[in-house]
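Participant: The structure's right below; bear with me while I get my questions together.
The values are calculated or read from the model by the stated rules, or taken from the named source; none is laboratory data. Predicted model, so just to flag it, every value in this text is computed and none were measured. When we count neighbours, we look across all protein chains shown, and the Cβ atoms used for this are built from the backbone with ideal geometry, even at glycine. For accessibility, only protein heavy atoms count, side chains too; no ligands or nucleic acids. Shrake-Rupley method; radii C 1.70, N 1.55, O 1.52, S 1.80 Å.
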Amino acid sequence: MANVILVGAQWGDEGKGKIIDVLTEQSEIVVRTAGGNNAGHTVYLGKDKYVLHLIPSGILRPGKVCMIGNGVVLDPIGLVKELDGLEKLGVKVTPANLQISETAHVVFPWHRELDGQREVRKRSNKIGTTKRGIGPTYGDKAARVGLRVIDLIHPVRFPQRLKERLEENNEVLRALGAQPIEYDKVLADYTAAADRLRPFVTNTVVHLHEATRRSANILFEGAQGTFLDIDHGTYPYVTSSSTTAGGACTGSGVPPNRMDRVVGVMKAYTTRVGEGPLPTENAEISDLLHGMGREFGATTGRARRCGWFDAVATRHASMVNGIDELAITNVDGLDTVKTIRVCVAYEVDGQRLNHIPNDCEILARCQPVYEEFPGWETPTDAVQRWEDLPVTCRHYLLSIAQMTGARLTITSVGPAREQTMFL
Ligand code: IMP
């Protein structure tokens, strides 16, 4: 399968975790390259449900090496909890199957607090972040004042750097009217987490290059989605990392000319958590999906906003990621819909747009231009072969893939591994 970058082609929550899990079968190494524990991958193994936030879901498969790359921001306390949770479920995690980059940046309590404080101050312009401190941590990284994993595990340097950073951030918190953070507690908690994580910490770039030299198959798993990308998303309603295909290179240290394929994952409809424009948002489909008990966030439990499939957006995603192949998930979510709508263009200020505008205020005023497709009105969740899907369903899926501009290779009709079809 060679080196594959997997990205979300919409606003995150496209069902990447499940596709990653399926593709992991063909890879030796799985690398997470961006984001932090704002992400949540839900994976089902038989009756067991696993929600992973930082550790690649490949950890559930014996013999796979999982890496947390340099592009990730890592909350050590959260990661230790994840390790404990996996252990409780009987999943063995050792330095042989989990490696953590020395240069990933560390999330601290002040980052989380500042994340929350900034949101409150933005009032109606709030982003709707996961409050995991992601933005402030990437902010410190860009400002060159962040602490990295290599600092966290250094017994002498860490207490000193922590003190410096804490003092500065406490001044900011006090000025904002928030509670300052207590040094001793953070030092104790983070030192304990560092002791637990130290054996896993390594130079992941060197390991990845050794692997590429012996032609090992590597899967670069994306987090969030294209329109949450700091550069290519609906700024400022985005996350703070590079969620598009380029982020896989910078977030791992594997160069573009070692990448072979980009797989884009998208739902058969559209969802978004948090604030920001969503041109095809629609109450009818939101009510339908929520009524089915679907579309609640894996990380925060928030109800996701839902809408019809937006081909203008996915076409753009295909462009900026260079998507070669598509996986379409959650097809079964549309099983009861009589007439399915697909957004093929936008209309704004009397003009028709075939691309997504960069100005968020304009995007928020865009009206979708819809094309209609007949629904299949029959359950698809038990279908196991592409040929056995209703003709109307196959027509719909092939049409939205064509509009997106990439080849459909995977279709998913439910959360289980068995509910996956390869074309
Ligand atoms: P942050 O990443 O917590 O700063 O949140 C910024 C925006 O990205 C908010 O709209 C979040 O809801 C969204 N976001 C972050 N992580 C995810 C995810 O894994 N899935 C979907 N949306 C996400």
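Participant: Within the stretch 6-50, which residues are among the small types (Gly, Ala, Ser), within 12 Å of the ligand (Cβ to nearest atom) and within 16 Å of Thr226 (Cβ to Cβ)? Please lay out each step first, then the result.
Facilitator: Looking only at the stretch 6-50, we keep the residues that are among the small types (Gly, Ala, Ser), and these are 8-9, 12, 15, 17, 27, 34-36, 39-40, 46.
Narrowing the set further to residues that are within 12 Å of the ligand (Cβ to nearest atom) leaves 8, 12, 15, 17, 34-36, 39-40.
Scanning the stretch 6-50 gives Gly8, Gly12, Gly15, Ala34, Gly35, Ala39.
Participant: Additional query: Residues that are open to solvent by 20 Å² or more (accessible area, probe 1.4 Å) and of a type outside the set (A, V, I, L, M): which strands (runs of 3 or more DSSP E) entirely in the stretch 185-295 hold 1 or more of them? Working first, answer last.
Facilitator: Values: elements: 218-221, 261-267, 270-272.
Of the strands (runs of 3 or more DSSP E) lying wholly inside the stretch 185-295, those with at least 1 residues that are open to solvent by 20 Å² or more (accessible area, probe 1.4 Å) and of a type outside the set (A, V, I, L, M) span 261-267.
Participant: Report yes if some residue within the stretch 341-351 is at positive phi, within 16 Å of the ligand (Cβ to nearest atom) and surrounded by fewer than 15 Cβ atoms within 10 Å (Cβ to Cβ); otherwise report no.
Facilitator: Within the stretch 341-351 (the criterion being at positive phi, within 16 Å of the ligand (Cβ to nearest atom) and surrounded by fewer than 15 Cβ atoms within 10 Å (Cβ to Cβ)), the answer is no, since none of the residues qualifies.
Participant: Given (1) assigned by TED's automatic domain parsing to the domain that holds Tyr183; (2) of a type outside the set (Val, Ile, Thr); (3) surrounded by fewer than 20 Cβ atoms within 10 Å (Cβ to Cβ), where does Lys92 come up short, assuming only one miss?
Facilitator: Looking at each condition in turn, Lys92 falls short on (1).
Participant: Only one of these conditions is not met by Val263: (1) within 15 Å of the ligand (Cβ to nearest atom); (2) under 29 Å from Val331 (Cα atoms). Which number is it?
Facilitator: Failed condition: (1).
Participant: Can you tell me which of Val337, Val331 is open to solvent by 10 Å² or more (accessible area, probe 1.4 Å), modelled with pLDDT of 95 or more and farther than 27 Å from Pro357 by Cβ? Walk me through it before giving the result.
Facilitator: Values: Val331 fails: open to solvent by 10 Å² or more (accessible area, probe 1.4 Å).
Answer to the check: Val337.
Participant: Can you pull out every residue in the stretch 44-60 that is over 20 Å from Gly297 (Cβ atoms) and buried (at least 17 other Cβ atoms within 10 Å of the Cβ)?
Facilitator: Gly58, Ile59, Leu60
Participant: Quickly run through the stretch 275-329 and pick out the residues that are within 16 Å of the ligand (Cβ to nearest atom) and of a type in the set (D, E, K, R).
Facilitator: If the condition is that a residue be within 16 Å of the ligand (Cβ to nearest atom) and of a type in the set (D, E, K, R), then Glu275, Glu281, Arg294, Glu295, Arg302, Arg304, Arg305, Asp310 are the ones that fit.
Participant: Where residues in the stretch 120-139 are over 21 Å from the mean Cα position of the chain (by Cα) and of a type in the set (D, E, K, R), which of them is least open to solvent (accessible area, probe 1.4 Å)? Steps first, please.
Facilitator: Going residue by residue through the stretch 120-139, those that are over 21 Å from the mean Cα position of the chain (by Cα) are 120-125.
Imposing the further condition that a residue be of a type in the set (D, E, K, R) reduces the set to 121-123.
Details: Arg121: 118, Lys122: 81, Arg123: 184 Å².
Filtering the stretch 120-139 for residues that are over 21 Å from the mean Cα position of the chain (by Cα) and of a type in the set (D, E, K, R), the one least open to solvent (accessible area, probe 1.4 Å) comes out as Lys122.
Participant: Would you check which residues across the stretch 71-92 are under 16 Å from Asn37 (Cβ atoms) and in a loop (DSSP other than H, G, I, E, B) and list them?
Facilitator: Of the stretch 71-92, the ones under 16 Å from Asn37 (Cβ atoms) are 71-86.
Selection gives Gly71, Asp75.
Participant: Starting from residues that are within 16 Å of the ligand (Cβ to nearest atom) and in contact with a helix residue (DSSP H, G or I) (Cβ under 6 Å, 6 or more places away or on another chain), keep the ones in the stretch 136-175 and report whichever is farthest from Ala188 (Cα to Cα).
Facilitator: The qualifying residue farthest from Ala188 (Cα to Cα) is Pro136.
Participant: Also, I was wondering about something else. Among (1) out of contact with any His (no Cβ under 9 Å at 6 or more places or on another chain); (2) within 16 Å of the ligand (Cβ to nearest atom), there is one condition Pro56 misses while meeting the rest; what is its number?
Facilitator: It fails just one condition, (1).
Participant: Determine whether Gly253 is away from the ligand (no atom under 14 Å from the Cβ), out of contact with any Lys or Arg (no Cβ under 7 Å at 6 or more places or on another chain) and free of Cβ contacts under 8 Å to residues at least 24 places away in the same chain. Break it down into steps so the answer makes sense when it comes.
Facilitator: Details: away from the ligand (no atom under 14 Å from the Cβ): yes; out of contact with any Lys or Arg (no Cβ under 7 Å at 6 or more places or on another chain): yes; free of Cβ contacts under 8 Å to residues at least 24 places away in the same chain: no.
Against the criterion (away from the ligand (no atom under 14 Å from the Cβ), out of contact with any Lys or Arg (no Cβ under 7 Å at 6 or more places or on another chain) and free of Cβ contacts under 8 Å to residues at least 24 places away in the same chain), Gly253 does not qualify.
Participant: Give the residues of the stretch 391-418 that are open to solvent by 30 Å² or more (accessible area, probe 1.4 Å) and at pLDDT 95 or above, sorted by residue number. Show your work before the answer.
Facilitator: Looking only at the stretch 391-418, we keep the residues that are open to solvent by 30 Å² or more (accessible area, probe 1.4 Å), and these are 391-392, 394-395, 398, 402-403, 405, 407, 415, 417-418.
Hits for the stretch 391-418 are Val391, Thr392, Arg394, His395, Leu398, Gln402, Met403, Gly405, Arg407.
Participant: What's the number of the condition His105 fails, among (1) closer than 22 Å to Thr202 by Cα; (2) away from the ligand (no atom under 16 Å from the Cβ); (3) open to solvent by 10 Å² or more (accessible area, probe 1.4 Å)?
Facilitator: (2)
Participant: Being touching a Ser or Thr at 6+ places or on another chain (Cβ under 9 Å) and β-branched (Val, Ile, Thr) is the requirement here; does Thr24 meet it? Even if it seems obvious, please write down each step before you answer.
Facilitator: Numbers: touching a Ser or Thr at 6+ places or on another chain (Cβ under 9 Å): yes; β-branched (Val, Ile, Thr): yes.
Answer is yes for this residue.
Participant: Check whether at least one residue in the stretch 134-145 is at pLDDT below 95 and assigned to a helix (DSSP H, G or I), and report yes or no.
Facilitator: Looking for residues that are at pLDDT below 95 and assigned to a helix (DSSP H, G or I), one finds none in the stretch 134-145, hence no.
Participant: Does Leu363 satisfy being open to solvent by 80 Å² or more (accessible area, probe 1.4 Å), in a helix (DSSP H, G or I) and in the same structural domain as Arg294 (by TED's automatic domain parsing)? Give the derivation first.
Facilitator: On the way: open to solvent by 80 Å² or more (accessible area, probe 1.4 Å): no; in a helix (DSSP H, G or I): yes; in the same structural domain as Arg294 (by TED's automatic domain parsing): yes.
No.
Participant: May I ask you to list the residues in the stretch 1-43 that are among the acidic types (Asp, Glu) and open to solvent by 20 Å² or more (accessible area, probe 1.4 Å)?
Facilitator: The initial filter retains those residues of the stretch 1-43 that are among the acidic types (Asp, Glu), namely 13-14, 21, 25, 28.
Selection gives Asp13, Glu25, Glu28.
Every residue, every condition in (1) at positive phi; (2) of a type in the set (Gly, Ala, Ser), yes or no:
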residue: Gly253; (1), (2): yes, yes
residue: Pro256; (1), (2): no, no
residue: Asp260; (1), (2): no, no
residue: Val265; (1), (2): no, no
residue: Ala268; (1), (2): no, yes
residue: Glu284; (1), (2): no, no
residue: Leu289; (1), (2): no, no
